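K.L.:
Below you'll find the structure I mean.
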Amino acid sequence: MIRKVKGTRDILPPESRLWVEVEAVAHRVFGGFGYDEIRLPLLEPTELFVRSVGEDTDIVGKEMYTFADRKGRSLTLRPEGTAGVARAFIENGLGQRPQPVRLRYLGPMFRYEKMQRGRYRQFSQIGIELLGAATPLADVEVIAALHSFLASLGFDDLVIVLNNLGDPEDRQRFIDLLKTELAPHRDELCTDCQRRWDTNPLRILDCKVARCRELIAETTPVADVVSDEAHDHVEEVEAGLAALDIPVRRAPRLVRGLDYYMRTVFEVVSPKLGEDTVICGGGRYDRLISDLGGARVPGTGFAIGEDRLVEVLPESFRRRVLERPVVAVLPLGAAVAATGLRLTRSLADRGISAPTEVTGRSLKAGLKWAGKIGARAAVIVGESELADDAVIVRDLDRGEQETVKLSEVPEYVVGLFQDAEKE
Ligand code: HAM
């Protein structure tokens, strides 16, 4: 038997319905905030990620699916979406459009990560990017859109944490200070942090090792060393969110795993998954597009990990999506099969899933099948009733049945489900 590649997953029905519905809500909510969908390649030149995400990050250093194509060009399966959006912005001259440009995207990303709960090698992100607005209000908007999306799914236990990374110039000052403060304890840091010391010292703040955490807790938070402009920017973001009654918590040690961020950075965590399995990450990246050779276009945005989001969906949402109305259509014989499929179509128009029995089961076996697929009712299409333009609708929960005129079947079935909801 051929098995799936490690770190990839098959998302089977009915679970897949949750994904479809989450994505439908994302399209609706982010579309409502003015974000149009951009569909980007899964394959990009490797250099794009090296120059944007950063050479010394975990993603570029050890997690990318990179290979040479038949002509020897180095290609990478995208590990994230922001770099591709920035490339597309430059390449397609989106700077010529009315600014700012609001884009949304969703789809698979690839990272060769160590396997653990909530961490996959192919995973999906849902993201938005707001390009061409440097104001704190732009950050407030993307976080408000995020909050609105999560609220639409029924979440009430997620926490948004936020920090101020300062400007790139502040970052270097901060790194110097961090190293000075940690220098006396350098040999107490774990081996990973010893390596990070030279390659990417900011990542030391992310370390999970207990001793490293103790040492980090003693250091000066990054927000304390940022410029006045950066300080005011993030304060205004916080004030803007407070005005919208969107609770956010300061996380003074929060740094992100990608190099392009500055000033506002944020994450969403769920008490169900713990602080280490982040559901969403984002922030401001005003230098990304110019670093990639474009104009000085500021940007801000985020990406949600859809796999993790689906894992912690509120029970109310799960129930609503998974317990959707199902009706089985049972044509008794080839002569009435077409009527069966016609009924399927008219019920589907009402949002009812109404598969027709197509394997030639008897009535008894058909009713058994209807029960197994979770049907609330069966529409039995028999030749004699059909001669009177009627069918039998059997309520499988109650074990009662009624003869119903063909044209009235959709109305009647919708009524059955409404009654069931009231009970
Ligand atoms: P990121 O923090 O690398 O940011 O990823 C965003 C989210 O993707 C994470 O919070 C997590 O939920 C999910 N994710 C990442 N890796 C995995 C994995 N191996 N398995 C499952 N889920 C995963 C970015 O990618 C930025 N591009 C976000 C952004 C957009 N910033 C500004 N705009």
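K.L.:
Tell me yes or no: at least one residue of the range 294-301 is within 16 Å of the ligand (Cβ to nearest atom), within 30 Å of Asp156 (Cβ to Cβ) and within 19 Å of the chain's Cα centre (by Cα).
P.N.:
Within the range 294-301 (the criterion being within 16 Å of the ligand (Cβ to nearest atom), within 30 Å of Asp156 (Cβ to Cβ) and within 19 Å of the chain's Cα centre (by Cα)), the answer is yes, since at least one residue qualifies.
K.L.:
Right, something else. Within the set of pairs 6 or more residues apart or between chains, which connect a residue that is farther than 16 Å from Glu129 by Cα inside the range 251-265 to a residue that is more than 10 Å from the ligand (Cβ to nearest atom) and of a type in the set (S, T, N, Q) with Cβ atoms less than 6 Å apart?
P.N.:
Ala251/Asn163; Leu254/Asn163
K.L.:
Now for a different question. What is the residue count in the range 184-204 for residues that are touching a residue at least 40 places away in the same chain (Cβ under 8 Å) and in contact with a helix residue (DSSP H, G or I) (Cβ under 6 Å, 6 or more places away or on another chain)?
P.N.:
1
K.L.:
Residues in the range 347-397 that are β-branched (Val, Ile, Thr) and over 14 Å from Ala337 (Cα atoms): how many?
P.N.:
4
K.L.:
With the requirement that a residue be over 18 Å from the mean Cα position of the chain (by Cα) and among the charged types (D, E, K, R), what does the range 91-112 give you?
P.N.:
If the condition is that a residue be over 18 Å from the mean Cα position of the chain (by Cα) and among the charged types (D, E, K, R), then Glu91, Arg97 are the ones that fit.
K.L.:
Determine, yes or no, whether Asp170 is in contact (Cβ under 8 Å) with a residue 24 or more places away in the chain, more than 16 Å from the ligand (Cβ to nearest atom) and not in a helix (DSSP H, G or I).
P.N.:
So Asp170 does not fit the description; no.
K.L.:
Give the residues of the range 404-423 that are exposed (fewer than 14 other Cβ atoms within 10 Å of the Cβ) and at pLDDT below 90, sorted by residue number.
P.N.:
If the condition is that a residue be exposed (fewer than 14 other Cβ atoms within 10 Å of the Cβ) and at pLDDT below 90, then Gln418, Asp419, Glu421, Lys422, Glu423 are the ones that fit.
K.L.:
For the range 336-354, check the following and say yes or no: at least one residue is over 39 Å from the mean Cα position of the chain (by Cα) and buried (at least 21 other Cβ atoms within 10 Å of the Cβ).
P.N.:
No, the range 336-354 contains no residue that is over 39 Å from the mean Cα position of the chain (by Cα) and buried (at least 21 other Cβ atoms within 10 Å of the Cβ).
K.L.:
Further, regarding this structure: Give me the pairs: first residue in the range 267-279 and without any contact (Cβ under 8 Å) to a residue 40 or more places away in the chain and under 14 Å from Pro247 (Cα atoms), second residue within 9 Å of the ligand (Cβ to nearest atom) and of a type in the set (Phe, Trp, Tyr), beta-carbon distance under 6 Å, and six or more apart or on different chains, which are they?
P.N.:
none
K.L.:
Of all strands (runs of 3 or more DSSP E) completely enclosed by the range 40-86, which ones contain at least 2 residues that are away from the ligand (no atom under 12 Å from the Cβ) and among the aliphatic types (A, V, I, L, M)?
P.N.:
It comes to 74-77.
K.L.:
Next question, about the same structure. Would you please name the residue that is nearest to Ala210 (Cα to Cα), looking only at residues in the range 271-297 that are touching a Phe, Trp or Tyr at 6+ places or on another chain (Cβ under 8 Å) and small (Gly, Ala, Ser)?
P.N.:
So, considering only residues that are touching a Phe, Trp or Tyr at 6+ places or on another chain (Cβ under 8 Å) and small (Gly, Ala, Ser), the one nearest to Ala210 (Cα to Cα) is Gly281.
K.L.:
Within the set of pairs 6+ apart or on separate chains, which have a first residue in the range 114-132 that is more than 21 Å from Val312 (Cα to Cα), a second that is more than 9 Å from the ligand (Cβ to nearest atom) and of a type in the set (S, T, N, Q), and C-beta atoms under 9 Å apart?
P.N.:
Leu131/Gln99; Gly132/Gln99
K.L.:
Restricting attention to the range 99-144, report how many residues are within 11 Å of the ligand (Cβ to nearest atom), outside any strand (DSSP E or B) and of a type in the set (Val, Ile, Thr).
P.N.:
1
K.L.:
Okay, next question. Collect the residues in the range 36-78 that are within 20 Å of the chain's Cα centre (by Cα) and under 16 Å from Glu129 (Cα atoms), keeping them in residue-number order.
P.N.:
Hits for the range 36-78 are Asp36, Glu37, Ile38, Arg39, Leu40, Val53.
K.L.:
Oh, and also: Hey, any hits in the range 162-178 for a residue that's aliphatic (A, V, I, L, M) and under 30 Å from Lys272 (Cα atoms)?
P.N.:
Checking the range 162-178: at least one residue is aliphatic (A, V, I, L, M) and under 30 Å from Lys272 (Cα atoms).
K.L.:
Based on this model, can you work out whether Glu218 counts as within 16 Å of the ligand (Cβ to nearest atom), closer than 26 Å to Glu181 by Cα and not aromatic (Phe, Trp, Tyr)?
P.N.:
For Glu218, the condition - within 16 Å of the ligand (Cβ to nearest atom), closer than 26 Å to Glu181 by Cα and not aromatic (Phe, Trp, Tyr) - is not met.
K.L.:
Among the residues of the range 302-332, count how many are in a loop (DSSP other than H, G, I, E, B) and either within 16 Å of the ligand (Cβ to nearest atom) or β-branched (Val, Ile, Thr) (or both).
P.N.:
Residues flagged as in a loop (DSSP other than H, G, I, E, B) and either within 16 Å of the ligand (Cβ to nearest atom) or β-branched (Val, Ile, Thr) (or both) within the range 302-332 amount to 2.
The values are calculated or read from the model by the stated rules, or taken from the named source; none is laboratory data. Everything numeric here is computed off the predicted structure, so don't read it as measured data. Cβ: placed from backbone, ideal geometry, glycine included. Neighbour counts: every protein chain shown.
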